[in-house]
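Note sheet for the following structure.
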Amino acid sequence: MTGMKDMADLPAMAAEPPAPRDYHGVNWTGAVTLYSKEVRRFWKVGMQTLIAPVVTTVLYLMVFSVATQGSRPPVAGAPYVLFIGPGLIMMQILSSAFANSSSSLMQAKMMGLTQDFLTAPLSPTEQAAAFALGAATRGLMVGLVSAACVYAIVAFDNRLAFTVAHWWAVLYFAFGASMLMGLVGIVTGLWAEKFDHLAAVTNFVVMPMSFLSGTFYTIDRLHEPFRTISQYNPFFYMIAGFRYGFIGHADGSIAVGVAAVAALNVVMGVLCWWLFQIGFRLKT
């Protein structure tokens, strides 16, 4: 009884929640952790996220080049297989980067896992950067493996050589395109309320813009007004710039392509930051 009386006489201590960690500047630990989570997420299902796009690239290449038995005339001064190779690689980079960030956010919303990154001491900038870089990593990895497969197929023909004419263009457009589609995927993933919405954007926006951007042909062969419309397609400049890095020829202006990719990345980056800032369809 005496002990209990002594405890009662002790001053009451208010139970206060622990103070949040104070990060001065960038929370590198949290941002890197979220980025690593995104990479591990697609790496665990690599057969679906990495191998499947490469198989698609190989099938396209064989159908459009090997099946023609070299009957197709050169395009823009390059053999047809060397012309479509970079376009196929870029097409897989675009679709893979978009699929990674959009599906990641959609799954988090459907499974109630958004609090994992909303309650963490991460700023909207860090959240957007982590998701976009995770998507870019997947896009670049798919592009690298696809390029290796294209090189192996071309190597069977001693008359052809899959070389790089301008490394800066290959690296710039590969990274810029993957980052851009990662940001577009973030916007789509935040906007979508069910997986049908993601499929609609993929089937009716991403895929048509990829196929109608000069992947398998030069836009000079299009009739008006489709030739002019193609020049307003950002996918056209990304594919043309990437192809320019390999064969040294581009349908459109490289300067316009460089500026367009940079400007679109800035615009989409600001939009993603704002959506995370207001918690668009993430917070009630």
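The values are calculated or read from the model by the stated rules, or taken from the named source; none is laboratory data. Being a predicted model, the structure only gives us computed values, none of them experimental. Glycine also receives a Cβ, built like all others from the backbone with ideal geometry; neighbour counts cover every protein chain displayed. Surface accessibility is based on the protein's heavy atoms, side chains included, excluding ligands, DNA and RNA. Shrake-Rupley method; radii C 1.70, N 1.55, O 1.52, S 1.80 Å.
Brief remarks follow.
- Ranked by how many other beta carbons lie within 10 Å on average, peptides 256-268, 43-55, 219-231, 99-111 from highest: 99-111, 256-268, 43-55, 219-231
- When each of the peptides 145-155, 189-199 is scored by how many other beta carbons lie within 10 Å of its residues on average, the order from highest to lowest is 145-155, 189-199.
- Taking each residue as 0.36 nm, the span from A76 to M207 lengthens on full extension beyond its C-alpha to C-alpha distance by 44.7 nm.
- Rounded to the nearest whole Hz, the Karplus-based 3J(HN,Hα) values (6.51 cos²θ - 1.76 cosθ + 1.60, θ = phi - 60°) of region 138-144 follow the sequence 5, x, 5, 5, 4, x, 5, with x at glycine and proline.
- The chain, accessible area per residue, ligands and nucleic acids excluded (1.4 Å, Å²): 54 Å²
- Rounded to the nearest whole Hz, the Karplus-based 3J(HN,Hα) values (6.51 cos²θ - 1.76 cosθ + 1.60, θ = phi - 60°) of region 238-244 follow the sequence 5, 6, 5, x, 5, 5, 4, with x at glycine and proline.
- Computed 3J(HN,Hα) for region 115-120, one whole-Hz value per residue from the Karplus formula 6.51 cos²θ - 1.76 cosθ + 1.60 where θ = phi - 60°, is 5, 4, 10, 7, 7, 6, glycine and proline marked x.
- Distance (nanometres) between label positions extended 7 Å along Cα→Cβ at H249 and W43: 4.0 nm
- For the pair H197 and M62, label points projected 7 Å from Cα toward Cβ lie 3.9 nm apart.
- Surface calculation, 1.4 Å probe, protein heavy atoms: M209 sits at approximately 60 Å² accessible.
- Contour excess over end-to-end distance, with Cα ends at F156 and T228 and 0.36 nm allotted per residue: 22.1 nm
- Separation between Cα centres of region 128-156 and region 181-221, rounded to whole Å: 18 Å
- For V75, the residues whose amide H sits under 5 Å from its own are Y80, ignoring neighbours fewer than 5 places away on the same chain, with H placed 1.01 Å from N.
- Largest-first ordering by accessible area, 1.4 Å probe, given options M179, M62: M62, M179
- Share of carbon and sulfur in the accessible heavy-atom surface of region 128-276 [1.4 Å probe, %]: 72 percent
- Length released on extending from W274 to Q107, taking residue separation times 0.36 nm less the Cα-Cα span: 58.0 nm
- Kirkwood estimate for region 201-263, i.e. one over the average of 1/r between Cα atoms, Å: 11.9 Å
- Expressed as a whole percent, the proportion of Cα-Cα pairs in region 164-282 lying more than 24 Å apart is 33%.
- On Cα atoms only, tilt of 28-43 relative to the major axis of the chain in degrees: 50 degrees
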